[in-house]
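The values are calculated or read from the model by the stated rules, or taken from the named source; none is laboratory data. All of these numbers come straight from a predicted model, not from anything done at the bench. For neighbour counting, all protein chains shown are included, and Cβ atoms are generated from backbone atoms with ideal geometry for every residue, glycine included. All accessible areas refer to the heavy atoms of the entire protein, side chains included, with ligands and DNA or RNA removed. Shrake-Rupley method; radii C 1.70, N 1.55, O 1.52, S 1.80 Å.
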Amino acid sequence: MTDSKERLKRNVWMRINDEELTQVYEFNQGYIDFLSRVKTEREAVDYIVNTARQNNFTDLDTVTEIKPGQKLVFSHKGKTCGLLVIGTRPLEEGLNMVVSHIDSPRLDLKAHPVYEADGIVLLKTHYYGGIKKYHWVSMPLALHGVVVKKDGKKIDISIGEKEDDPVFTIADLLPHLGKEQMEKKASEVINAESLNAMAGTLPMKDQDSENIKKYFMQLLKDNYDIDEDDFTSAELELVPAYAAREIGIDRSMVGAYGQDDRVCAYTSLQAILEVEKPERTALCLFVDKEEIGSTGNTGLQSLLLENIVADLLYKAGQQNYFMVRQCLRNSFALSADVNAAVDPNYPDVFEKMNCSFLSQGVVLTKYTGSRGKSESNDANPEFLGAIRNLFDNHEVVWQVGELGKVDLGGGGTVARYMAYFGMEVVDCGVAVMGMHSPFEVVSKADVYMTYKAYKAFMQEFGNTTVADKTTKTTRKRTTRKKQQ
Ligand code: MN
Ligand code: MN
(Lines give C-alpha, C1' and ligand atoms only; values in the text may rest on other atoms or scores of the structure.)
(Ligands and ions follow the chains in the order given, each with its own letter.)
Protein backbone atom coordinates (compact mmCIF):
# COMPACT_ATOMS: atom_id res chain seq x y z
CA MET A 1 0.00 0.00 0.00
CA THR A 2 2.75 2.44 1.00
CA ASP A 3 4.49 1.22 -2.11
CA SER A 4 1.70 2.25 -4.47
CA LYS A 5 1.22 5.59 -2.65
CA GLU A 6 4.88 6.34 -3.15
CA ARG A 7 4.59 5.45 -6.83
CA LEU A 8 1.57 7.71 -7.29
CA LYS A 9 3.71 10.61 -6.05
CA ARG A 10 6.27 9.79 -8.70
CA ASN A 11 3.69 9.37 -11.48
CA VAL A 12 4.35 11.75 -14.39
CA TRP A 13 0.63 12.37 -14.99
CA MET A 14 0.31 13.59 -11.36
CA ARG A 15 3.31 15.87 -11.67
CA ILE A 16 2.66 17.78 -14.89
CA ASN A 17 0.35 20.76 -15.33
CA ASP A 18 -2.37 21.14 -17.98
CA GLU A 19 -0.05 22.90 -20.40
CA GLU A 20 2.45 20.06 -20.29
CA LEU A 21 -0.36 17.53 -20.53
CA THR A 22 -1.33 19.04 -23.88
CA GLN A 23 2.31 18.89 -24.98
CA VAL A 24 2.53 15.21 -24.01
CA TYR A 25 -0.40 14.35 -26.28
CA GLU A 26 0.82 16.54 -29.16
CA PHE A 27 4.33 15.14 -28.99
CA ASN A 28 3.00 11.59 -29.14
CA GLN A 29 0.92 12.28 -32.24
CA GLY A 30 4.16 12.87 -34.11
CA TYR A 31 5.65 9.78 -32.51
CA ILE A 32 2.73 7.55 -33.57
CA ASP A 33 2.99 8.84 -37.13
CA PHE A 34 6.75 8.11 -37.13
CA LEU A 35 6.20 4.52 -35.88
CA SER A 36 3.60 3.84 -38.56
CA ARG A 37 5.88 5.06 -41.35
CA VAL A 38 9.23 3.74 -40.17
CA LYS A 39 9.64 -0.01 -39.73
CA THR A 40 13.28 -0.65 -40.66
CA GLU A 41 16.71 0.87 -40.04
CA ARG A 42 16.90 2.12 -43.65
CA GLU A 43 13.50 3.81 -43.39
CA ALA A 44 14.59 5.36 -40.08
CA VAL A 45 17.71 6.82 -41.70
CA ASP A 46 15.65 8.28 -44.57
CA TYR A 47 13.18 9.83 -42.13
CA ILE A 48 15.85 11.23 -39.81
CA VAL A 49 18.06 12.66 -42.59
CA ASN A 50 15.07 14.27 -44.36
CA THR A 51 13.78 15.74 -41.10
CA ALA A 52 17.24 17.12 -40.32
CA ARG A 53 17.55 18.75 -43.76
CA GLN A 54 14.09 20.30 -43.38
CA ASN A 55 15.30 21.76 -40.08
CA ASN A 56 18.36 23.44 -41.61
CA PHE A 57 20.94 20.76 -40.89
CA THR A 58 23.69 20.73 -43.57
CA ASP A 59 25.30 17.55 -44.89
CA LEU A 60 28.63 17.04 -43.10
CA ASP A 61 30.12 15.81 -46.40
CA THR A 62 29.59 19.21 -48.02
CA VAL A 63 31.25 21.40 -45.37
CA THR A 64 34.96 22.10 -45.15
CA GLU A 65 34.97 24.08 -41.92
CA ILE A 66 33.52 23.46 -38.47
CA LYS A 67 32.06 26.48 -36.65
CA PRO A 68 30.14 26.90 -33.37
CA GLY A 69 26.38 26.81 -33.85
CA GLN A 70 26.61 24.75 -37.06
CA LYS A 71 23.98 22.04 -37.51
CA LEU A 72 25.20 19.01 -39.42
CA VAL A 73 23.82 15.66 -40.56
CA PHE A 74 25.55 12.54 -41.86
CA SER A 75 24.63 8.98 -42.76
CA HIS A 76 26.60 5.81 -43.29
CA LYS A 77 25.59 2.95 -45.62
CA GLY A 78 21.97 4.09 -45.39
CA LYS A 79 21.65 2.23 -42.09
CA THR A 80 23.18 4.51 -39.47
CA CYS A 81 23.08 8.28 -39.25
CA GLY A 82 23.65 11.18 -36.90
CA LEU A 83 22.99 14.84 -36.23
CA LEU A 84 25.49 17.31 -34.77
CA VAL A 85 25.16 20.77 -33.28
CA ILE A 86 28.63 22.27 -32.91
CA GLY A 87 29.41 23.79 -29.52
CA THR A 88 31.34 26.88 -28.53
CA ARG A 89 33.95 24.91 -26.59
CA PRO A 90 36.77 23.06 -28.37
CA LEU A 91 35.91 19.59 -29.70
CA GLU A 92 38.70 17.95 -27.72
CA GLU A 93 36.78 18.82 -24.54
CA GLY A 94 34.32 16.15 -25.64
CA LEU A 95 30.81 15.76 -26.99
CA ASN A 96 27.45 15.25 -25.30
CA MET A 97 26.03 12.31 -27.20
CA VAL A 98 22.76 10.42 -27.18
CA VAL A 99 23.01 7.08 -28.96
CA SER A 100 19.98 4.96 -29.86
CA HIS A 101 19.51 2.04 -32.22
CA ILE A 102 17.10 1.88 -35.15
CA ASP A 103 17.04 -1.87 -35.86
CA SER A 104 14.36 -4.06 -34.28
CA PRO A 105 13.70 -7.81 -34.06
CA ARG A 106 12.04 -9.18 -37.22
CA LEU A 107 12.12 -11.97 -39.79
CA ASP A 108 14.71 -11.59 -42.58
CA LEU A 109 14.30 -13.41 -45.89
CA LYS A 110 17.02 -15.97 -46.64
CA ALA A 111 19.31 -15.74 -49.69
CA HIS A 112 17.23 -18.41 -51.45
CA PRO A 113 13.81 -17.74 -49.92
CA VAL A 114 11.24 -18.81 -52.54
CA TYR A 115 9.81 -22.34 -52.74
CA GLU A 116 6.57 -24.06 -53.58
CA ALA A 117 4.85 -26.68 -51.46
CA ASP A 118 1.33 -28.15 -51.46
CA GLY A 119 -0.06 -25.55 -53.84
CA ILE A 120 1.42 -22.54 -52.03
CA VAL A 121 4.48 -20.40 -52.69
CA LEU A 122 6.34 -19.60 -49.45
CA LEU A 123 9.25 -17.42 -48.33
CA LYS A 124 11.92 -18.84 -46.02
CA THR A 125 13.11 -16.61 -43.18
CA HIS A 126 15.89 -16.37 -40.62
CA TYR A 127 14.85 -14.40 -37.54
CA TYR A 128 16.85 -11.32 -36.52
CA GLY A 129 17.30 -10.52 -32.81
CA GLY A 130 15.71 -12.00 -29.72
CA ILE A 131 12.17 -13.02 -30.61
CA LYS A 132 9.62 -15.43 -29.17
CA LYS A 133 8.96 -17.34 -32.38
CA TYR A 134 5.31 -18.03 -31.50
CA HIS A 135 4.64 -14.25 -31.65
CA TRP A 136 5.19 -14.19 -35.40
CA VAL A 137 2.49 -16.58 -36.60
CA SER A 138 -1.14 -15.71 -37.46
CA MET A 139 -0.52 -12.04 -38.07
CA PRO A 140 -0.31 -9.76 -41.14
CA LEU A 141 3.29 -9.18 -42.22
CA ALA A 142 4.68 -6.51 -44.52
CA LEU A 143 7.83 -6.90 -46.59
CA HIS A 144 10.31 -4.00 -46.45
CA GLY A 145 13.81 -3.57 -47.75
CA VAL A 146 16.05 -3.38 -50.77
CA VAL A 147 17.12 -5.66 -53.58
CA VAL A 148 20.39 -4.84 -55.35
CA LYS A 149 20.82 -6.00 -58.94
CA LYS A 150 24.19 -7.14 -60.31
CA ASP A 151 24.59 -3.81 -62.08
CA GLY A 152 24.20 -1.94 -58.76
CA LYS A 153 20.63 -0.84 -59.34
CA LYS A 154 18.78 -0.69 -56.03
CA ILE A 155 15.10 -1.58 -55.83
CA ASP A 156 13.15 -0.36 -52.80
CA ILE A 157 10.44 -2.71 -51.58
CA SER A 158 7.51 -1.95 -49.31
CA ILE A 159 4.55 -4.31 -49.64
CA GLY A 160 1.80 -4.44 -47.06
CA GLU A 161 1.62 -0.97 -45.53
CA LYS A 162 -1.01 0.74 -47.69
CA GLU A 163 -4.60 -0.07 -46.83
CA ASP A 164 -5.22 -1.91 -50.12
CA ASP A 165 -1.81 -3.64 -50.23
CA PRO A 166 -1.65 -7.41 -49.91
CA VAL A 167 0.22 -8.79 -46.88
CA PHE A 168 2.06 -12.01 -46.03
CA THR A 169 1.42 -14.37 -43.13
CA ILE A 170 2.70 -17.47 -41.38
CA ALA A 171 -0.26 -19.70 -40.53
CA ASP A 172 -0.27 -21.43 -37.14
CA LEU A 173 -1.37 -24.99 -36.60
CA LEU A 174 -5.08 -25.39 -35.89
CA PRO A 175 -5.89 -26.32 -32.26
CA HIS A 176 -7.77 -29.40 -33.47
CA LEU A 177 -4.45 -30.90 -34.57
CA GLY A 178 -2.29 -29.13 -32.01
CA LYS A 179 -2.29 -31.74 -29.23
CA GLU A 180 1.41 -32.60 -29.62
CA GLN A 181 2.39 -29.00 -30.34
CA MET A 182 0.68 -27.74 -27.17
CA GLU A 183 2.67 -30.13 -25.03
CA LYS A 184 5.98 -28.70 -26.27
CA LYS A 185 8.08 -26.06 -24.46
CA ALA A 186 7.24 -22.52 -25.62
CA SER A 187 10.68 -22.21 -27.26
CA GLU A 188 9.90 -25.28 -29.40
CA VAL A 189 6.23 -24.67 -30.19
CA ILE A 190 7.26 -22.94 -33.41
CA ASN A 191 10.35 -24.26 -35.13
CA ALA A 192 12.57 -21.56 -36.70
CA GLU A 193 12.56 -23.44 -40.00
CA SER A 194 8.75 -23.37 -39.99
CA LEU A 195 8.69 -19.57 -40.07
CA ASN A 196 7.85 -19.62 -43.79
CA ALA A 197 5.52 -16.89 -44.98
CA MET A 198 2.69 -17.53 -47.44
CA ALA A 199 3.16 -15.45 -50.58
CA GLY A 200 0.78 -16.79 -53.27
CA THR A 201 -1.22 -19.68 -54.70
CA LEU A 202 -1.87 -18.73 -58.34
CA PRO A 203 -0.27 -21.07 -60.92
CA MET A 204 1.13 -20.20 -64.31
CA LYS A 205 -1.11 -22.17 -66.67
CA ASP A 206 1.38 -23.20 -69.34
CA GLN A 207 3.89 -24.78 -66.93
CA ASP A 208 3.85 -28.29 -65.52
CA SER A 209 6.09 -28.25 -62.41
CA GLU A 210 6.60 -25.57 -59.73
CA ASN A 211 4.13 -23.48 -61.71
CA ILE A 212 2.97 -21.46 -58.68
CA LYS A 213 6.52 -20.42 -57.86
CA LYS A 214 7.03 -19.55 -61.54
CA TYR A 215 4.01 -17.28 -61.57
CA PHE A 216 5.16 -15.60 -58.32
CA MET A 217 8.61 -14.93 -59.81
CA GLN A 218 6.98 -13.63 -63.01
CA LEU A 219 5.00 -11.11 -60.93
CA LEU A 220 8.19 -10.00 -59.16
CA LYS A 221 9.90 -9.60 -62.53
CA ASP A 222 7.02 -7.63 -64.06
CA ASN A 223 6.40 -5.36 -61.06
CA TYR A 224 9.85 -4.92 -59.53
CA ASP A 225 12.39 -6.25 -62.07
CA ILE A 226 13.50 -8.86 -59.54
CA ASP A 227 14.96 -12.21 -60.67
CA GLU A 228 15.26 -15.15 -58.30
CA ASP A 229 19.05 -14.78 -57.98
CA ASP A 230 18.62 -11.15 -56.89
CA PHE A 231 17.46 -12.31 -53.44
CA THR A 232 21.11 -13.16 -52.85
CA SER A 233 21.99 -9.46 -52.76
CA ALA A 234 18.98 -8.19 -50.86
CA GLU A 235 17.94 -7.11 -47.39
CA LEU A 236 14.27 -7.94 -47.08
CA GLU A 237 12.56 -7.86 -43.71
CA LEU A 238 9.12 -9.15 -42.72
CA VAL A 239 7.64 -6.87 -40.06
CA PRO A 240 4.15 -6.46 -38.56
CA ALA A 241 1.93 -4.84 -41.20
CA TYR A 242 -0.20 -2.75 -38.86
CA ALA A 243 0.14 0.90 -37.81
CA ALA A 244 0.87 2.24 -34.32
CA ARG A 245 -2.20 2.79 -32.12
CA GLU A 246 -3.21 4.62 -28.98
CA ILE A 247 -3.96 2.26 -26.12
CA GLY A 248 -6.48 2.71 -23.30
CA ILE A 249 -9.74 4.60 -23.16
CA ASP A 250 -7.72 7.63 -21.93
CA ARG A 251 -5.36 7.21 -24.92
CA SER A 252 -2.44 7.37 -22.49
CA MET A 253 -0.28 4.65 -24.05
CA VAL A 254 1.19 3.82 -27.46
CA GLY A 255 1.19 0.32 -28.90
CA ALA A 256 3.38 -0.49 -31.91
CA TYR A 257 6.04 -2.70 -33.39
CA GLY A 258 9.66 -1.57 -33.06
CA GLN A 259 9.47 0.82 -30.11
CA ASP A 260 12.70 -0.84 -28.92
CA ASP A 261 14.49 1.29 -29.77
CA ARG A 262 12.78 3.73 -32.11
CA VAL A 263 11.14 5.39 -29.09
CA CYS A 264 14.59 6.60 -28.06
CA ALA A 265 15.49 7.43 -31.67
CA TYR A 266 12.41 9.63 -32.12
CA THR A 267 12.69 11.41 -28.76
CA SER A 268 16.41 12.13 -29.22
CA LEU A 269 15.81 13.34 -32.80
CA GLN A 270 13.14 15.80 -31.62
CA ALA A 271 15.47 16.88 -28.81
CA ILE A 272 18.49 17.69 -31.00
CA LEU A 273 16.30 19.59 -33.49
CA GLU A 274 15.77 22.09 -30.65
CA VAL A 275 19.36 22.31 -29.41
CA GLU A 276 20.77 25.79 -30.13
CA LYS A 277 24.39 26.95 -29.78
CA PRO A 278 25.40 24.51 -27.04
CA GLU A 279 28.67 24.87 -25.11
CA ARG A 280 29.67 21.26 -25.71
CA THR A 281 29.04 19.81 -29.17
CA ALA A 282 25.87 17.70 -29.26
CA LEU A 283 25.79 14.43 -31.20
CA CYS A 284 22.64 12.42 -31.70
CA LEU A 285 23.63 9.06 -33.19
CA PHE A 286 21.33 6.35 -34.56
CA VAL A 287 22.99 2.96 -34.98
CA ASP A 288 22.14 -0.39 -36.54
CA LYS A 289 22.69 -4.04 -35.52
CA GLU A 290 22.19 -3.57 -31.75
CA GLU A 291 19.75 -6.44 -31.64
CA ILE A 292 22.38 -8.89 -32.89
CA GLY A 293 25.29 -7.61 -30.81
CA SER A 294 26.26 -4.31 -32.48
CA THR A 295 28.27 -6.21 -35.09
CA GLY A 296 29.00 -5.28 -38.72
CA ASN A 297 30.16 -1.96 -40.13
CA THR A 298 26.90 -0.22 -39.17
CA GLY A 299 26.99 -1.43 -35.55
CA LEU A 300 28.68 0.28 -32.63
CA GLN A 301 31.40 -2.33 -32.20
CA SER A 302 32.96 -0.97 -35.41
CA LEU A 303 35.09 2.19 -35.64
CA LEU A 304 31.94 4.17 -36.54
CA LEU A 305 32.10 6.53 -33.56
CA GLU A 306 35.85 7.04 -33.84
CA ASN A 307 35.53 7.78 -37.56
CA ILE A 308 32.83 10.40 -36.95
CA VAL A 309 35.01 12.21 -34.43
CA ALA A 310 38.10 11.90 -36.66
CA ASP A 311 36.14 13.37 -39.58
CA LEU A 312 34.89 16.25 -37.45
CA LEU A 313 38.30 17.08 -36.00
CA TYR A 314 39.93 16.87 -39.43
CA LYS A 315 37.46 19.45 -40.73
CA ALA A 316 38.02 21.56 -37.62
CA GLY A 317 41.73 21.66 -38.47
CA GLN A 318 42.78 19.34 -35.65
CA GLN A 319 44.58 16.75 -37.76
CA ASN A 320 46.12 14.98 -34.83
CA TYR A 321 45.08 11.47 -33.80
CA PHE A 322 45.61 12.22 -30.12
CA MET A 323 42.77 14.75 -30.35
CA VAL A 324 40.39 11.98 -31.48
CA ARG A 325 41.24 10.01 -28.36
CA GLN A 326 40.93 13.08 -26.18
CA CYS A 327 37.55 14.08 -27.62
CA LEU A 328 36.13 10.57 -27.11
CA ARG A 329 37.55 10.20 -23.60
CA ASN A 330 36.15 13.57 -22.53
CA SER A 331 32.69 12.88 -23.91
CA PHE A 332 29.51 12.27 -21.95
CA ALA A 333 26.95 9.82 -23.31
CA LEU A 334 23.45 8.57 -22.79
CA SER A 335 22.99 5.07 -24.15
CA ALA A 336 19.42 5.72 -25.26
CA ASP A 337 17.69 2.37 -24.99
CA VAL A 338 14.57 0.94 -23.44
CA ASN A 339 14.16 -1.02 -20.23
CA ALA A 340 11.42 -3.46 -19.15
CA ALA A 341 8.40 -1.97 -17.38
CA VAL A 342 6.90 -3.94 -14.49
CA ASP A 343 4.09 -6.07 -15.91
CA PRO A 344 1.30 -6.85 -13.40
CA ASN A 345 0.60 -10.11 -15.25
CA TYR A 346 4.11 -11.33 -14.45
CA PRO A 347 4.93 -9.97 -10.96
CA ASP A 348 7.33 -12.81 -10.20
CA VAL A 349 10.06 -11.68 -12.60
CA PHE A 350 10.33 -8.08 -11.32
CA GLU A 351 11.93 -6.74 -8.15
CA LYS A 352 9.71 -3.74 -7.58
CA MET A 353 12.14 -1.68 -5.52
CA ASN A 354 14.49 -1.40 -8.50
CA CYS A 355 12.53 -2.09 -11.68
CA SER A 356 10.89 0.63 -13.77
CA PHE A 357 7.15 1.29 -14.15
CA LEU A 358 4.99 2.79 -16.91
CA SER A 359 4.34 6.54 -16.44
CA GLN A 360 7.08 7.04 -13.84
CA GLY A 361 9.37 8.94 -16.16
CA VAL A 362 12.58 8.35 -18.09
CA VAL A 363 14.55 5.35 -16.78
CA LEU A 364 18.15 5.60 -15.60
CA THR A 365 19.72 2.15 -15.67
CA LYS A 366 23.11 2.03 -13.92
CA TYR A 367 23.88 -1.47 -15.12
CA THR A 368 22.43 -4.10 -17.44
CA GLY A 369 23.98 -7.53 -18.01
CA SER A 370 23.09 -10.94 -16.61
CA ARG A 371 24.41 -13.34 -13.95
CA GLY A 372 26.23 -10.82 -11.76
CA LYS A 373 26.19 -7.77 -14.13
CA SER A 374 28.21 -9.75 -16.70
CA GLU A 375 29.05 -7.66 -19.79
CA SER A 376 27.43 -4.55 -18.29
CA ASN A 377 28.79 -1.03 -18.54
CA ASP A 378 27.91 -0.26 -14.86
CA ALA A 379 27.95 3.55 -14.92
CA ASN A 380 30.08 5.57 -12.50
CA PRO A 381 28.18 7.13 -9.55
CA GLU A 382 29.96 10.49 -10.09
CA PHE A 383 28.37 10.70 -13.54
CA LEU A 384 24.98 9.46 -12.31
CA GLY A 385 24.99 12.11 -9.57
CA ALA A 386 25.51 14.85 -12.15
CA ILE A 387 22.76 13.41 -14.37
CA ARG A 388 20.31 13.36 -11.42
CA ASN A 389 21.16 16.99 -10.81
CA LEU A 390 20.54 17.89 -14.46
CA PHE A 391 17.18 16.09 -14.59
CA ASP A 392 15.96 17.55 -11.29
CA ASN A 393 16.96 21.07 -12.39
CA HIS A 394 14.98 20.65 -15.62
CA GLU A 395 11.89 19.04 -14.05
CA VAL A 396 12.50 15.79 -15.86
CA VAL A 397 10.60 13.04 -14.03
CA TRP A 398 12.90 10.02 -13.85
CA GLN A 399 13.11 6.63 -12.19
CA VAL A 400 15.69 3.89 -11.73
CA GLY A 401 15.52 0.69 -13.72
CA GLU A 402 16.86 -2.82 -13.57
CA LEU A 403 16.08 -5.54 -16.12
CA GLY A 404 13.98 -7.82 -13.88
CA LYS A 405 15.05 -9.94 -10.94
CA VAL A 406 18.69 -10.97 -10.59
CA ASP A 407 19.51 -14.27 -12.33
CA LEU A 408 16.24 -14.50 -14.27
CA GLY A 409 17.75 -13.44 -17.59
CA GLY A 410 19.30 -10.16 -18.65
CA GLY A 411 20.45 -8.17 -21.63
CA GLY A 412 22.84 -5.50 -22.82
CA THR A 413 22.95 -2.26 -24.76
CA VAL A 414 25.50 -0.21 -26.71
CA ALA A 415 26.70 1.48 -23.49
CA ARG A 416 29.77 -0.70 -23.11
CA TYR A 417 31.00 0.01 -26.64
CA MET A 418 31.02 3.71 -25.79
CA ALA A 419 32.60 3.20 -22.38
CA TYR A 420 35.46 1.51 -24.26
CA PHE A 421 36.70 4.95 -25.34
CA GLY A 422 36.82 6.17 -21.72
CA MET A 423 33.78 8.42 -21.89
CA GLU A 424 31.16 8.56 -19.13
CA VAL A 425 28.01 6.73 -20.20
CA VAL A 426 24.76 5.53 -18.64
CA ASP A 427 21.68 3.80 -20.03
CA CYS A 428 18.73 6.16 -20.17
CA GLY A 429 15.44 5.54 -21.99
CA VAL A 430 11.81 4.50 -21.91
CA ALA A 431 10.14 1.70 -19.92
CA VAL A 432 8.45 -0.75 -22.33
CA MET A 433 5.87 -3.46 -21.72
CA GLY A 434 6.04 -6.52 -23.95
CA MET A 435 9.54 -5.63 -25.21
CA HIS A 436 10.60 -7.49 -28.40
CA SER A 437 7.01 -8.52 -29.09
CA PRO A 438 5.33 -7.39 -32.34
CA PHE A 439 3.20 -4.93 -30.32
CA GLU A 440 5.20 -3.17 -27.61
CA VAL A 441 3.56 -0.74 -25.20
CA VAL A 442 4.88 2.52 -23.72
CA SER A 443 3.34 5.36 -21.72
CA LYS A 444 3.00 8.68 -23.56
CA ALA A 445 4.12 10.41 -20.37
CA ASP A 446 7.45 8.57 -20.44
CA VAL A 447 7.97 9.29 -24.15
CA TYR A 448 7.65 13.00 -23.41
CA MET A 449 9.90 12.92 -20.33
CA THR A 450 12.57 11.07 -22.30
CA TYR A 451 12.54 13.81 -24.95
CA LYS A 452 12.92 16.41 -22.18
CA ALA A 453 15.79 14.47 -20.62
CA TYR A 454 17.72 14.16 -23.92
CA LYS A 455 17.22 17.82 -24.72
CA ALA A 456 18.50 18.99 -21.33
CA PHE A 457 21.47 16.64 -21.63
CA MET A 458 22.54 17.76 -25.12
CA GLN A 459 21.93 21.45 -24.47
CA GLU A 460 23.33 21.80 -20.97
CA PHE A 461 25.17 18.88 -19.47
CA GLY A 462 28.70 19.81 -18.40
CA ASN A 463 28.19 23.50 -19.13
CA THR A 464 30.42 25.91 -17.24
CA THR A 465 28.17 28.95 -17.45
CA VAL A 466 25.18 27.69 -15.46
CA ALA A 467 25.50 29.44 -12.10
CA ASP A 468 23.78 26.89 -9.89
CA LYS A 469 25.87 24.02 -11.24
CA THR A 470 29.31 25.63 -10.94
CA THR A 471 30.48 23.56 -7.98
CA LYS A 472 29.41 20.29 -9.48
CA THR A 473 30.88 21.05 -12.88
CA THR A 474 34.22 21.97 -11.29
CA ARG A 475 34.28 18.69 -9.41
CA LYS A 476 33.51 16.78 -12.58
CA ARG A 477 36.22 18.48 -14.56
CA THR A 478 38.79 17.76 -11.81
CA THR A 479 37.84 14.09 -11.84
CA ARG A 480 38.25 14.03 -15.59
CA LYS A 481 41.70 15.60 -15.45
CA LYS A 482 42.78 12.96 -12.94
CA GLN A 483 41.66 10.22 -15.31
CA GLN A 484 43.81 11.65 -18.04
MN1 MN B 1 17.18 -1.84 -27.45
MN1 MN C 1 16.17 -4.97 -27.96
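Could you tell me whether the range 213-326 comes out rounded, prolate or oblate from its Cα gyration tensor? Rule is a ≥ b ≥ c as square roots of the eigenvalues, rounded for a/c under 1.5, then prolate if a/b exceeds b/c, otherwise oblate. Because a/c hits 1.5 or more and a/b fails to exceed b/c, the range 213-326 counts as oblate. Couplings for the range 294-300, taken from phi via the Karplus curve 6.51 cos²θ - 1.76 cosθ + 1.60 with θ = phi - 60°, read 6, 8, x, 7, 10, x, 7 Hz in order; Gly and Pro are left as x. In percent, rounded to a whole number, the relative contact order of the range 130-238 is 34, using alpha-carbon pairs under 8 Å and six or more apart.
For MET423, no residue whose modelled amide H falls within less than 5 Å of its own remains once neighbours fewer than 5 places apart on the same chain are excluded. The apolar share of the surface of the chain, taken as the fraction of accessible area on carbon and sulfur atoms (1.4 Å probe, ligands and nucleic acids excluded), comes to 50 percent. Under a 5 Å amide H cut-off, with hydrogens placed 1.01 Å from N, ALA234 pairs with VAL148 among residues at least 5 apart or on other chains. Between the amide H of GLN399 and those of VAL362, VAL363, LEU364, distances stay under 5 Å, these residues lying 5 or more places away or on another chain, with hydrogens modeled in the peptide plane. Could you check the spin-label model distance between ASN320 and LYS179? Points 7 Å from the Cα along Cα→Cβ, value in nm. Reported label-point gap for ASN320 and LYS179 is 7.9 nm.
A simple rule links phi to the HN-Hα coupling: the Karplus curve 6.51 cos²θ - 1.76 cosθ + 1.60 with θ = phi - 60°, which for the range 276-292 gives 10, 5, x, 6, 9, 4, 9, 10, 10, 10, 10, 10, 10, 6, 4, 5, 10 Hz, with x for Gly and Pro. Relative to the dominant Cα principal axis of the chain, helix 18-37 is inclined by about 40°.
Per residue of the chain, the DSSP helices (runs of n ≥ 4 H) give a summed -39500 (n - 2.57) that works out to -9500 deg cm²/dmol at 222 nm.
Distance from the alpha carbon centroid of the range 52-77 to that of the range 376-448 works out to 28 angstrom. Between ASP229 and ASP164, the FRET efficiency estimated from the beta carbon spacing at R0 = 41 angstrom works out to 0.85. Evaluating 6.51 cos²θ - 1.76 cosθ + 1.60 at θ = phi - 60° for every residue in the range 148-156, the Karplus couplings come out as 10, 6, 4, 7, x, 5, 9, 10, 7 Hz, glycine and proline recorded as x.
In this rough spin-label picture, where each label sits 7 Å from Cα along the Cβ direction, the VAL406-LEU21 distance is 4.2 nm.
Helix 470-483 and the longest principal axis of the Cα set of the chain meet at an angle near 70°. Length gained on full extension, GLN29 to LYS150, computed as 0.36 nm times the residue gap minus the Cα-Cα distance: 39.4 nm. Using 0.36 nm per residue and subtracting the Cα-Cα separation, the extra length available between GLN218 and GLU274 on full extension is 15.3 nm. Taking the C-alpha atoms only, the angle from helix 211-224 to the longest principal axis of the chain is near 40 degrees.
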